[in-house]
């Protein structure tokens, strides 16, 4: 029996990934801020698939959140085989006008917590020679994102970090995969205000389809999974379109109030 820990598991892509890992027989550690939703999901999945599901409430924007989480894992004698770094959020708007604390918290969740949690849980995985890391990034990581500068930058970090980690662990027996979705029908659109943009609303995939692509890719030990042909085209195009042009296009498409 193996155990999978999923951050941001209470809704969206994280919730759908939890269902897939549970159906495949993994025990689960579900992490998010919404304890009520986590408890409900844990009960649902443990009953449906006869697996163990543990819900742990954690706000990963806090500086000591990862260490507290790892302490709770140790207290409960929970050993993690697969880590799914799914938690993350964004915010549409001009960098100089958006709340400074919210943007700093974005870096804490999208980058700092992801990095520290990976570092804390990875050594035992290497020792056991099984399991791995599934990081949820975004096609935003392939270019700069005016009017969403910090979010795009954090996802560029996740892309680079995952690729480097995969190479370091290439002989370890561990799987290391990046799931890089585009617009997805989750609470992210409303929370970030991206949902009001036509480019987001018209191209959004279902969370179920995105999660299935990421789960299958991780099980197959693929390096990068970009669900949907539009998203793959977008990610590929950044390799031959000049960067100054991609940032101008993205900036125009994401400018608040633009048609």
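The values are calculated or read from the model by the stated rules, or taken from the named source; none is laboratory data. None of the values given here were measured: they were computed from a predicted structure. Neighbour counts run over all protein chains shown; Cβ positions are idealised from the backbone, glycine included.
Taken together, the residues in the stretch 47-64 that are outside any strand (DSSP E or B) and closer than 15 Å to residue 10 by Cα amount to 3.
Yes/no matrix, rows are residues, columns are (1) farther than 28 Å from residue 219 by Cα; (2) within 21 Å of the chain's Cα centre (by Cα):
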{"residue": "65", "(1), (2)": "yes, yes"}
{"residue": "69", "(1), (2)": "no, yes"}
{"residue": "73", "(1), (2)": "no, yes"}
{"residue": "77", "(1), (2)": "no, no"}
{"residue": "81", "(1), (2)": "no, yes"}
{"residue": "88", "(1), (2)": "no, yes"}
{"residue": "102", "(1), (2)": "yes, yes"}
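Any residue at all in the stretch 121-141 that's in contact with a helix residue (DSSP H, G or I) (Cβ under 6 Å, 6 or more places away or on another chain), in contact (Cβ under 8 Å) with a residue 40 or more places away in the chain and surrounded by fewer than 17 Cβ atoms within 10 Å (Cβ to Cβ)? Checked the stretch 121-141: no residue is in contact with a helix residue (DSSP H, G or I) (Cβ under 6 Å, 6 or more places away or on another chain), in contact (Cβ under 8 Å) with a residue 40 or more places away in the chain and surrounded by fewer than 17 Cβ atoms within 10 Å (Cβ to Cβ). Residues of the stretch 81-107 that are buried (at least 21 other Cβ atoms within 10 Å of the Cβ) and not in a loop (DSSP other than H, G, I, E, B): 82, 83, 84, 85, 106.
Of the residues 32, 9, which single one is within 25 Å of residue 89 (Cα to Cα), under 12 Å from the mean Cα position of the chain (by Cα), at pLDDT 95 or above and buried (at least 24 other Cβ atoms within 10 Å of the Cβ)? Unique residue meeting the criteria: 9. Residue 145 fails exactly one of the following numbered conditions: (1) surrounded by fewer than 21 Cβ atoms within 10 Å (Cβ to Cβ); (2) more than 17 Å from the chain's Cα centre (by Cα); (3) touching a residue at least 60 places away in the same chain (Cβ under 8 Å). What is the number of that condition? With (1) surrounded by fewer than 21 Cβ atoms within 10 Å (Cβ to Cβ); (2) more than 17 Å from the chain's Cα centre (by Cα); (3) touching a residue at least 60 places away in the same chain (Cβ under 8 Å) applied to residue 145, the lone miss is (1). Report yes if some residue within the stretch 4-27 is more than 23 Å from residue 180 (Cβ to Cβ), in contact (Cβ under 8 Å) with a residue 40 or more places away in the chain and in contact with a strand residue (DSSP E or B) (Cβ under 9 Å, 6 or more places away or on another chain); otherwise report no. No, the stretch 4-27 contains no residue that is more than 23 Å from residue 180 (Cβ to Cβ), in contact (Cβ under 8 Å) with a residue 40 or more places away in the chain and in contact with a strand residue (DSSP E or B) (Cβ under 9 Å, 6 or more places away or on another chain).
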